[in-house]
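A short worksheet on the structure shown next.
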Amino acid sequence: MNSYAIAIHGGAGTILKSSMTPEKETAYKKGLEDAIAAGEKILKNGGTSLDAVEEAIRSLEDCPLFNAGRGAVFTHEGKNEMDASVMEGKTLMAGAVTGVKNIKNPVSLAKAVMQRSGHVFLAGDGAMEFAKKIKSEMMPDEYFFVQQRYDQLQEALKSDTIVLDHTDSNQKKFGTVGAVALDVHGDLAAGTSTGGMTNKKHGRVGDTPMIGSGTYANNKTCAISCTGHGEFFIRSVVAYDISCLMEYKGLSLKEACDIAVNQKLVKIGGEGGLIALDTKGNIELPFNSDGMYRASIKQGEKIYIGIYK
């Protein structure tokens, strides 16, 4: 039996201690703690890494502090449009959805696409049709209404800018949530979920639902979930790039993450971070922004929670 491990993130960007109230910091830490506990509970009981990833992300989607599920930001049209993906390291099976509305837990829909649709990636109306067919849990618009998110949209509309989930005009926060896990059977899994960008235009898709860009898992190498300025993560195929650096160049998880996040992304102006886990249970949580909401735990060890650099 292997030792289990799990790591989660709740977004990266300009997250500064100077602009965080003690109450808000406590709330974010509690959100991260609840999510990692939900995932760890499954791993502790011998469950699969895929189920642990799903549970951890569902917890983050249900928390209005994070830009996914309930806390999803508003589009230009004043809607909440969500993306999510999951991948299994043992089989390389994957599932993803983009542009879905009123879905309580998009990560569970992505998992259903993987397990029940015969496809990998469903978008917009097709994804919604599938969600209705399998009776995904739906919520009314009011459930997704978070005042702070709505205020962000009004600010963005005034200046006609696309806003990367920031909390004031000087702050950039790339809102995505994700999880990576290693179970006692030695299998890896990864998943990511997001509400995208405030004031994003109709049809925009980020890296979150793109297998290889925002999410990737392979038992030969690692499991990765990214958060950041999606356009750059897509162009760099970040998640798969880390796996390739390990598989073909023989680099360690740490070395591969460092090249992808602190060299390649920086070179093209990409900001953000990721969570990474290999089959030996090594965890890396690199980011090139001022902060990243993150947490991790290994079997028999204490939980780690971090926000700032």
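Return the long-range amide H neighbours of Ser225 (sequence gap of 5 or more, or a different chain), with a cut-off of under 5 Å between placed amide H atoms.
Answer set, sorted by chain and number: Ile275.
Enumerate the amide H contacts of Thr14 below 5 Å, restricted to partners 5 or more residues apart or on another chain; note that Pro and chain-start residues carry no placed amide H.
Lys172, Lys173, Phe174, Asp290
Pulled fully out, how much extra length does the chain show between Tyr150 and Glu77, if you take 0.36 nm times their separation in residues and subtract their Cα-Cα distance?
25.1 nm
Taking the stretch 71-157, which chymotrypsin sites (Phe, Trp or Tyr not before Pro) meet the DSSP loop condition and have no more than 16 other C-beta atoms within 10 Å?
Qualifying residues, ordered by number: Phe145.
What residue among Gly46, Gly69, Thr208 has its Cα farthest toward the positive end of the dipole of the chain, where the charges are +1 on Lys, Arg and -1 on Asp, Glu, each on the Cβ?
Value: Gly46.
Show me, for the stretch 21-35, the HN-Hα J-couplings you get by feeding each phi into the Karplus relation (A = 6.51, B = -1.76, C = 1.60, θ = phi - 60°), rounded to Hz, glycine and proline as x.
7, x, 5, 5, 4, 4, 5, 5, 4, 5, x, 5, 4, 4, 5
Find, among the GluC sites (Glu not before Pro) in the stretch 236-309, those assigned to loop by DSSP (not H, G, I, E, B) with at most 16 other beta-carbon atoms within 10 angstrom.
Glu301
Estimate the FRET efficiency between Lys24 and Ile134 by the formula 1/(1 + (r/R0)^6), using the beta-carbon distance for r and 51 Å for R0, to the nearest 0.05.
0.90
Within the set Lys29/Lys158; Lys29/Lys298; Lys17/Lys158; Lys17/Lys309; Lys79/Lys200; Lys101/Lys133, which residue pairs have Cα atoms separated by over 21 Å?
Checking Cα-Cα distances, Lys29/Lys158; Lys17/Lys158 exceed 21 Å.
How are the alpha carbon pair distances in the chain distributed across 20 Å bins from zero to the largest one, expressed in percent?
Once binned at 20 Å, the Cα pair distances of the chain give 39, 58, 3.
Summing Lys, Arg as +1 and Asp, Glu as -1, what charge do residues with Cβ under 15 Å from the Cβ of Glu23 carry, Glu23 excluded?
For residues surrounding Glu23, the net value is +3.
Which lysines have a Cα less than 16 Å from the Cα of Lys90, not counting those fewer than 8 places away in the same chain?
Qualifying lysines at Cα under 16 Å: Lys111, Lys220, Lys280.
Which whole-Hz couplings ³J(HN,Hα) result when phi for each residue of the stretch 237-245 is put into the Karplus expression 6.51 cos²θ - 1.76 cosθ + 1.60, θ = phi - 60°, listed in order with x for Gly and Pro?
My calculation for the stretch 237-245 gives 6, 4, 4, 6, 4, 5, 4, 5, 4 Hz in order.
Which aspartates and glutamates have a Cα lying under 20 Å from the Cα of Lys264, excluding residues fewer than 8 positions away in the same chain?
List returned: Asp207, Glu231, Asp241, Glu247, Glu255, Glu284, Asp290.
For the stretch 261-274, what does the Karplus curve 6.51 cos²θ - 1.76 cosθ + 1.60, with θ = phi - 60°, yield as ³J(HN,Hα) per residue in whole Hz, taken in order and with x for Gly and Pro?
Values per residue, Gly and Pro as x: 8, 9, 10, 4, 5, 4, 4, 9, x, x, 10, x, x, 6 Hz.
Given contacts defined as C-alpha pairs under 8 Å and at least six residues apart, what's the relative contact order of the chain, whole-number percent?
Worked out over the chain, it gives 25 percent.
Compute the label zone of His202 within the stretch 60-100: residues whose backbone N is under 19 Å from the point 7 Å along Cα-to-Cβ.
Only 74-83, 98-100 fall inside the zone, counting backbone N under 19 Å.
Bear in mind these aren't lab numbers, they're just calculated from the coordinates by the rules spelled out. In this text, all values refer to a predicted model and were calculated from it rather than measured experimentally. Quick reminder, even Gly has a Cβ in these numbers, built from the backbone with ideal geometry, and neighbours come from all protein chains shown.
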